[in-house]
Each structure stands twice: as C-alpha cells, then as structure tokens.
Amino acid sequence: MSTRSFQDYAPGTVIPRGEGTLVVGERLSRGGFGSVYACADEWGSPLRLRVLWPISRSYENVREGWLEQVEEVRRAGHPRLVHLYEGFDHDGFFHLVTERWEHRLDSAVLEAGEGGPRWLGLIAGPVLCALDHLHRAGYAHFNLHPGNVFLTASPGALAAGEGAVKLGGFAVTRLLGKVDVLNLLVARWLVPPEYLIPSELGRQMDHRVDVYQAGLLLLALLQGSLPRYTFEETVAGEPARAARELGSPALARALAPKVEDRCGSARELWRALAGEGVVSAAAVA
C-alpha cells in the first residue's frame, strides 16, 4: 500500500509513457484530488497533465477503478467535454493526459471580479450541454464547480465569440449504476441536500446531483463570487432562496433541497433559463 505524499514535479521533468515521453511544464493548480501541469509530448503537442492521488483509500484500491473510469469518459466524448487522451501509472501515482485548455473559470472570471447575467449566459449553455451528453450516456459528473470548467481562450476573447467552454475534472465521474454514496468526495459546499438528509430530501443519488451543482455554479456566476454554504444552509434551502432574490426562478428550482422539486435534467434547466431570456430559446428547441 502506497502511503507516500506526492512531490510536485519541477518544470522540465521527463515522464516515460509507453513508447514516448511527456515533458512537464509549470504547475497550473493543486487541489484535493491532485495537481495539474502544462506539458508536451515528444512531438511538442501542447497538453495538460493531471496527477491524481487517492483520498481515504490506498492507491492499490482505486487504481483499477481509475483505469476503468478513463475508458468510460473517453467513450462518452463530446466537443463540450475536455478530451482525455490516456491514463497511466508512474512512480506509484495515477496520471491523466488531456487536451490543452488556457483558463479555469474560477480564476479567470470569478477571482477577477467578473460575473453577472452576461457570464451566466456565456457559460450555461456549454456546461448544460456537456451534462446532458454525460447523462444520456449514463454517467454523472458529481464534482461540478467553476474550477472544473475550462476556457480555451481568454475571457475577453470568449465574450467576443472566440474559443470554447469545456467541462473537465472527471476525478469522481461515475456510471450512474456505480455511484458509491459513502465515498462522495467533494468540497463541503458542493454536497447536495439529499446526501445530508436522505430520509427527508431524497434517497436517490443520481444525475440530479449534477443539476444541483450546476445551479450552484451558475448562481456563483450571477453573484460574481463562489457560494460557501454550510451544511445547515444547504439543507434549509439557502442557495435556492438566494437565486430567487436574484430573480432566477429557474436556478431556484435547480437548487431545490428536495430532489423531487428539482429540475429533472440539465436540458430542463436549460429550457427554464431560456424562458428567462438568459440563453437563446432557439438552441434548446
């Protein structure tokens, strides 16, 4: 059983993989599930490398699941999903190689003091489109937040119609039939109400967790800052109340504490937002 802590790669580190290599560039982020780096293969192709480490379980216990997960997400590929090229072991840690992206939504937009209805309109469509595809393919994301939404161009270029918005961060993505509710490892403010009080708010953990988390993400864009709700506020419906006060019944419904009161799908939320004039109604016909 591996108990070592991961030591961040220095720029220029060469990692063998199959018949080729990866050259590590600067570290872009470090979070609860791993570190992300710029990298390139031996051909000079610009890529991203994510090194994952297990939370609460040994690497040996999660390795096979991660290898299976890579193939699952690859099979569910879509233009609105960050493309996974491969996953492999190296030095006792799991490595994911993905397509290149330039900016994360949290740092490029929210931490820069941006937000409001314009950004809600720019991000809602691509993110809900990605979720709709995942759900129709039989998967749930379960870790949807601004740090897992990526921009292939600068915020200014994106607002001008250039680049794309893509959903990534597949560390806990699962087939809907393989959801392990005892190991839902996400930030406290992302935990859905039904996980906290299943007897009252809903006993089933399914794709509507993603709908709830999408509501939180879009609420953050509308507010211009990350919501940090406590468990008590989550159960009491504080996120839904905030959405209503900001004039979005659609987001309030996505954030309903009771699963049965929530939007039933990403597409349903998309259509509700179109009814509020946030997104184009023609795109969701």
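Kindly indicate whether any position in the stretch 27-34 is buried (at least 16 other Cβ atoms within 10 Å of the Cβ) and in contact with a Cys (Cβ under 7 Å, 6 or more places away or on another chain).
no
Report, by residue number, each residue of the stretch 120-171 that is closer than 12 Å to residue 217 by Cβ, among the β-branched types (Val, Ile, Thr) and not in a helix (DSSP H, G or I).
Those that are closer than 12 Å to residue 217 by Cβ, among the β-branched types (Val, Ile, Thr) and not in a helix (DSSP H, G or I): 149, 165.
From (1) touching a residue at least 12 places away in the same chain (Cβ under 8 Å); (2) of a type in the set (Asp, Glu); (3) over 19 Å from residue 72 (Cα atoms), pick out the condition that doesn't hold for residue 99.
Here residue 99 meets the rest and fails (3).
Determine the pairs where a residue that is on the phi < 0 side of the Ramachandran plot and modelled with pLDDT under 95, located within the stretch 223-241, has a partner that is aliphatic (A, V, I, L, M) and not in a helix (DSSP H, G or I) with Cβ atoms under 6 Å apart, the partner being 6 or more residues away or on another chain.
The qualifying pairs are 235/197.
How about the stretch 221-269: which of its residues are in contact with a Pro (Cβ under 6 Å, 6 or more places away or on another chain) and assigned to a helix (DSSP H, G or I)?
234, 235
Residue 51 is checked against (1) modelled with pLDDT under 95; (2) within 19 Å of residue 100 (Cα to Cα); (3) outside any strand (DSSP E or B) and fails just one. What number does that condition carry?
(3)
Which residue is surrounded by the fewest Cβ atoms within 10 Å (Cβ to Cβ), if the candidates are limited to the stretch 119-161 and must be among the polar types (S, T, N, Q) and more than 12 Å from the chain's Cα centre (by Cα)?
154
Condition first: touching a residue at least 24 places away in the same chain (Cβ under 8 Å) and closer than 13 Å to residue 134 by Cβ. Now tell me which residues in the stretch 58-78 satisfy that.
Across the stretch 58-78, the qualifying residues are 69, 72, 73, 75, 76, 78.
Could you please find all residues in the stretch 59-114 being loosely packed, with under 13 Cβ neighbours inside 10 Å and of a type in the set (A, V, I, L, M, F, W, C)?
Selection gives 112 alone.
The values are calculated or read from the model by the stated rules, or taken from the named source; none is laboratory data. Keep in mind it's a predicted model, so treat the numbers as computed, not measured. Please note: Cβ atoms are built from the backbone with ideal geometry, for glycine as well, and neighbour counts cover all protein chains shown.
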